[in-house]
Amino acid sequence: MAGYLVSDERKVTTHRFIEMKQKGEKISMLTSYDFTTAGIVDKAGIDGILIGDSASNVMVGNSTTLPMTVDQMIYHARSVVNAVKRALVVCDMPFGSYQTGVHDGVTNAIRIMKESGCDAVKMEGGVEILDTVKAILDAGIPVMAHLGLTPQSINKFGTYAVRAKEDREAAKLISDAKALAEAGCFGVTLEKVPAALAKQVTDEISVPTIGIGAGNGCDGQILVVADMLGMTQGFSPRFLRRYANLNEVMTDAIGQYVSDVKSGDFPNEKESY
Ligand code: KIV
């Protein structure tokens, strides 16, 4: 347990992430948005948990991540922080909370850290947000960068296809990653970019890359927890490996409950007072 005068040696820190890269230890990350799931994910031994703004899709059913607000991210992040004992907890800064400039970015990052208790924030974008990233780092807040497919810019991209396949975009991604790492970001998420490019970035920066659809050359991997557990349906990108079919497990269990209620089998005597 961590607290005043009580430290937990096992708690994963941003420094531990960098040390893991240096030692060649792969970093495992998953998203979580609620207390119950985060507790299971943490207990299973994950290194980092991201409260992704993918909560917009997974928890709310929106088609993009754009509607998430700072208040909503804080609500989800607080729920996750309440459950986690070991993993590093990173919270996405939602669309609109930092694109308007340095002052808004720092104010919102401070709110997220203060009100959720998370360990770090994640921000989408390259050199165009560098001043804001630097100011947030100067405020003492660890920042994870996010390059490649950045879903908050989906209306600019027009598609969720693989990014940086062409030389110009690949070159920009490499220089963005270097600038963000040099500024002091403790990690860089690389989403849906060619594996060879992700490997090159990984080799050329001193902080860990965390890939999603970016191949095996990254220092770590992240997936959306509901996707890898097979809760979501109709979303099967090539990079997604399903480790369970919870959709089927839950549907069967709920179907059994419905039938037990209808037949009068539930509750039985032992389940009554
Ligand atoms: O919001 C999210 O879940 C993310 C991951 C896909 C990296 O940003």
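Among the residues here, Lys43 does not qualify as out of contact with any helix residue (DSSP H, G or I) (no Cβ under 6 Å at 6 or more places or on another chain), within 21 Å of Cys218 (Cα to Cα) and open to solvent by 70 Å² or more (accessible area, probe 1.4 Å).
Could you check how many residues of region 250-273 are open to solvent by 90 Å² or more (accessible area, probe 1.4 Å) and of a type outside the set (Lys, Arg)? Going through region 250-273 one residue at a time, the tally reaches 8. Scanning region 205-219 for residues that are in contact (Cβ under 8 Å) with a residue 40 or more places away in the chain, away from the ligand (no atom under 12 Å from the Cβ) and open to solvent by 20 Å² or more (accessible area, probe 1.4 Å) gives Ser206, Asp219. Filtering region 132-176 to residues that are without any contact (Cβ under 8 Å) to a residue 24 or more places away in the chain, on the phi < 0 side of the Ramachandran plot and outside any helix (DSSP H, G or I) leaves Thr159, Glu166.
Within region 35-62, the residues that satisfy the criterion of being in a helix (DSSP H, G or I) and either closer than 17 Å to Phe17 by Cα or of a type in the set (D, E, K, R) (or both) are Asp42, Lys43. One residue stands out among those in region 177-194 that are in a helix (DSSP H, G or I) and more than 19 Å from Pro151 (Cα to Cα): the one that is most open to solvent (accessible area, probe 1.4 Å), which is Glu182. Among the residues of region 143-164, those identified as of a type in the set (S, T, N, Q) and within 13 Å of the ligand (Cβ to nearest atom) are Thr150, Gln152, Ser153. A count restricted to region 14-36 and to residues that are of a type in the set (Val, Ile, Thr), open to solvent by 40 Å² or more (accessible area, probe 1.4 Å) and touching a helix residue (DSSP H, G or I) at 6+ places or on another chain (Cβ under 9 Å) stands at 1.
When restricted to residues that are among the hydroxyl-bearing types (Ser, Thr, Tyr) and either closer than 12 Å to Ser28 by Cβ or in contact (Cβ under 8 Å) with a residue 12 or more places away in the chain (or both), region 220-247 contains 2. The lone criterion from (1) outside any strand (DSSP E or B); (2) within 16 Å of the ligand (Cβ to nearest atom); (3) closer than 22 Å to Glu191 by Cβ; (4) open to solvent by less than 20 Å² (accessible area, probe 1.4 Å) left unmet by Ile74 is number (3). For region 89-98, does any single residue satisfy the condition of being in a helix (DSSP H, G or I), within 25 Å of Ala139 (Cβ to Cβ) and either within 16 Å of the ligand (Cβ to nearest atom) or among the small types (Gly, Ala, Ser) (or both)? No, region 89-98 contains no residue that is in a helix (DSSP H, G or I), within 25 Å of Ala139 (Cβ to Cβ) and either within 16 Å of the ligand (Cβ to nearest atom) or among the small types (Gly, Ala, Ser) (or both).
The values are calculated or read from the model by the stated rules, or taken from the named source; none is laboratory data. As the structure is a computational prediction, the values presented were derived from the model and not from experiment. So basically every Cβ, Gly included, is an ideal-geometry build from the backbone, and we count neighbours across all protein chains shown. Each accessible area value is taken on the protein alone, full model and side chains, heavy atoms only, with ligands, DNA and RNA left out. Shrake-Rupley method; radii C 1.70, N 1.55, O 1.52, S 1.80 Å.
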